[in-house]
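Reviewing the structure listed below.
Since every read-out is calculated from the coordinates, none of them should be taken as a lab result. These numbers were taken from a predicted model, which means no experiment stands behind them.
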Amino acid sequence: MAKDVKPTRKNLMAIEDRIDLSERGHGTLEKKRDGLIMEFMDILDKAQDVRGELSDDYEQAQKKINMARAMEGDVAVRGAAAALQEHPEITTESKNIMGVVVPQIESSRVSKSLDQRGYGIMGTSARIDEAAEAYEDLLESIILAAEVETAMKKMLREIETTKRRVNALEFKLLPELYENQEYIEQKLEEQEREETFRLKKIKEKKEAEEKAEKAEKEAEEAAAASADEVVSGDELEQSTAGGLPGGD
């Protein structure tokens, strides 16, 4: 991937910005993941308690209904159950836990008094009343368990999603960005060394040319000076020869 990136300072600055953003995002996601795990552990403890209560309530309700059937018969038990006029009402709301929306289930008219159950007090026994009360407790435990289990599943899915994002940043995106950053920095350093070497060679060549020009100029000046000296000597010799007296 690094070879596909052009080694320019603009790209280097863009990658450094992405690294900064990714590192901050990675830190934020790690905190979110840790917070979600802590919340999940609290919900898990609650779920284990609720499961235990649900199991106990179910076992108790089965004992009570079996006792009522044994003492009163299936017909009496079914008749009492059919007499129920008001059914429980379930309402759901939402609450936010670390960005995760989980349900909050509310129930009403689950537990009822004897006169609210619809069957006649005189026509039933305490066994049926106990069975009805046991199943009301069981229904409340089921509603609570449904709320806790749903919240736990949603928290677990969010934890897995957050963990995948953290791992993607930590083991894929950030290493690739670091690799690109190192590649560009190396290429820019190479380009800088090459440019420095090129400028040095240009400077050396210019200095050599200037030195050669200076030497040539000095040679020309020396040659000109020598020519002037020769000319001056000739003129002096001619002047001297012209001033001598004649032999006659």
17 Å Cα-Cα reach of K187 towards lysines, excluding residues that sit fewer than 8 places from it in its own chain: K3, K6, K10
Area projected by the alpha carbon convex hull of segment 125-168, averaged over all directions, nm²: 2.8 nm²
Just subtract the alpha-carbon distance of E149 and E192 from 0.36 nm times their residue separation and send over the number in nm, one decimal. 9.3 nm
If one computes the Cα centroid of segment 26-89 and of segment 137-209, what distance in Å separates the two points? 45 Å
